[in-house]
Amino acid sequence: MATKSDVLDFIRIYADKMAEHRQELTDYDQAIGDGDHGINMSRGFKAVIEKLPAVYEKNIDEILKTVGMILVSTVGGASGPLYGSAFMKAGAAVKGKGELSNEDIILAFDEAVGGIQFRGKAVEGEKTILDSMIPAIKAIKASIADGKSMAEALVDGEKAAWDGVEYTKTIIATKGRASYLGERSIGHQDPGATSMAYVFQAAKEVAEKVGC
Amino acid sequence: MVGIVVVSHSQKIAEGVVELAKQMSPEASIAAAGGMEDGSIGTDVSKIFAAIKAVDEGDGVVILVDLGSAVMSSEIAIEMLEDSNNVKIVDAPIVEGSLFSSMESSIGSSFEEVIDVLARARVYKKF
């Protein structure tokens, strides 16, 4: 279960991570893309944090949708429409909710993946955000089905996400700017998959803190 | 008149393309949506949304994009419109496309005719 305060905490922790890993994400992107992923993500989430107090009183769906709307107008690169669509779809999945059950959380993740796939027209294995996100969600679902708590499931989810990041080093990029490099993209980890792994890390930290 | 929106990661590119199109077709309904609010490189859904609104006279709007997130950001801006039936992203080079479509729209051509001209801009040979 996650309360509204947990969701706000998650957004704050993730924003901190984007600021903290700004250079790292940019370095990964410089190797295979246009070198702005860390700059863009930290700029977008800085704007989110500045504007978030305006929706503190709203339900979780409104908060998530607002985050998405802010991202699509402040990130600037491809991660803006992709992360923006993910947050907007996650919001739409939990309409009117003041707190989220484990089922709601999984539904929100599923809808977020759907939003990214719809917007980016990508599938797994193309060296994108999806390569850490999809395995992470699969792992979370499996752990919950095994009777684990959400905090435990998110530990498994984060691990699967980082395994997915490792996997992106072995494959050729076929989407976005990195696709111009073809085989030369092998050996480099995908910056989008990396920033997505931090999503699960942030969620795990919130769950561990509140012990859900 | 059919409206035209030029979306680029660079504010200067979008504004420069509009400047060029306006020089040839001063009466064209064309707007630039380039870069972020602070002028840095990127595409911004709210800028694109505002540009669509600014050129929409009810006869349709074509959107010309540079690459990458320009397409996705334009799609989101279109989805935010109440009526998006006559708003379309067209796959054409932004300089040639903007020039040809602004000439075509400013002589009162229909949405379909402007889209047809943009299809030709895509295969236009410079020499």
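The values are calculated or read from the model by the stated rules, or taken from the named source; none is laboratory data. Values in this document were obtained by computation on a predicted structure and should not be read as measured data. Cβ: placed from backbone, ideal geometry, glycine included. Neighbour counts: every protein chain shown. Accessible surface is based on the protein model in full, side chains and every heavy atom, while ligands, DNA and RNA are left aside. Shrake-Rupley method; radii C 1.70, N 1.55, O 1.52, S 1.80 Å.
So the values come out like this:
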item: Long-range neighbours under 8 Å by Cβ, at least six apart or interchain, first residue over 10 Å from residue A:82 (Cβ atoms) within the stretch A:113-135, second buried (at least 20 other Cβ atoms within 10 Å of the Cβ) and modelled with pLDDT under 95; result: A:126/A:173; A:127/A:173; A:127/A:178; A:127/A:185
item: The stretch B:42-51, subset more than 10 Å from residue B:7 (Cβ to Cβ) and in contact with a strand residue (DSSP E or B) (Cβ under 9 Å, 6 or more places away or on another chain), residue farthest from the other protein chains (Cβ to nearest Cβ); result: B:50
item: Residue satisfying all of: in the stretch A:163-188; within 30 Å of residue A:148 (Cα to Cα) and either without any contact (Cβ under 8 Å) to a residue 12 or more places away in the chain or not small (Gly, Ala, Ser) (or both); farthest from the other protein chains (Cβ to nearest Cβ) among these; result: A:163
item: Members of the stretch A:143-184 that are in contact with a Ser or Thr (Cβ under 7 Å, 6 or more places away or on another chain) and at pLDDT below 95; result: A:172, A:173, A:175, A:178
item: Residues that are open to solvent by 70 Å² or more (accessible area, probe 1.4 Å), of a type in the set (Lys, Arg) and within 14 Å of the chain's Cα centre (by Cα), drawn from the stretch A:1-54; result: A:12
item: Test: residue in the stretch A:59-75 that is open to solvent by 30 Å² or more (accessible area, probe 1.4 Å) and away from every other protein chain (no Cβ under 14 Å); result: yes
item: Single unsatisfied condition, residue A:79 versus (1) under 21 Å from residue B:80 (Cα atoms); (2) surrounded by 24 or more Cβ atoms within 10 Å (Cβ to Cβ); (3) free of Cβ contacts under 8 Å to residues at least 60 places away in the same chain; (4) not hydrophobic (A, V, I, L, M, F, W, C); result: (3)
item: Tally, over the stretch A:104-117, of residues that are open to solvent by less than 20 Å² (accessible area, probe 1.4 Å) and among the β-branched types (Val, Ile, Thr); result: 2
item: Residues of the stretch A:5-47 satisfying the condition of being in contact (Cβ under 8 Å) with a residue 40 or more places away in the chain and not in a helix (DSSP H, G or I); result: A:21, A:33, A:34, A:36
item: Leading residue by the ranking (surrounded by the most Cβ atoms within 10 Å (Cβ to Cβ)) among those in the stretch B:82-99 that are in a loop (DSSP other than H, G, I, E, B) and within 11 Å of the chain's Cα centre (by Cα); result: B:92
item: Residue tally, condition in contact (Cβ under 8 Å) with a residue 60 or more places away in the chain, open to solvent by less than 30 Å² (accessible area, probe 1.4 Å) and away from chain B (no Cβ under 14 Å), over the stretch A:82-103; result: 1
item: Conditions (1) free of Cβ contacts under 8 Å to residues at least 60 places away in the same chain; (2) in contact with a His (Cβ under 8 Å, 6 or more places away or on another chain): number failed by residue B:92; result: (2)
item: Hits in the stretch B:10-65 - residues which are open to solvent by 50 Å² or more (accessible area, probe 1.4 Å), under 19 Å from residue A:75 (Cβ atoms), assigned to a loop (DSSP other than H, G, I, E, B) and of a type outside the set (A, V, I, L, M, F, W, C); result: B:37, B:38
item: First in the stretch B:110-127 and open to solvent by 100 Å² or more (accessible area, probe 1.4 Å), second anywhere and hydrophobic (A, V, I, L, M, F, W, C), Cβ under 8 Å, 6 or more apart; result: B:120/B:100; B:122/B:92; B:124/B:100
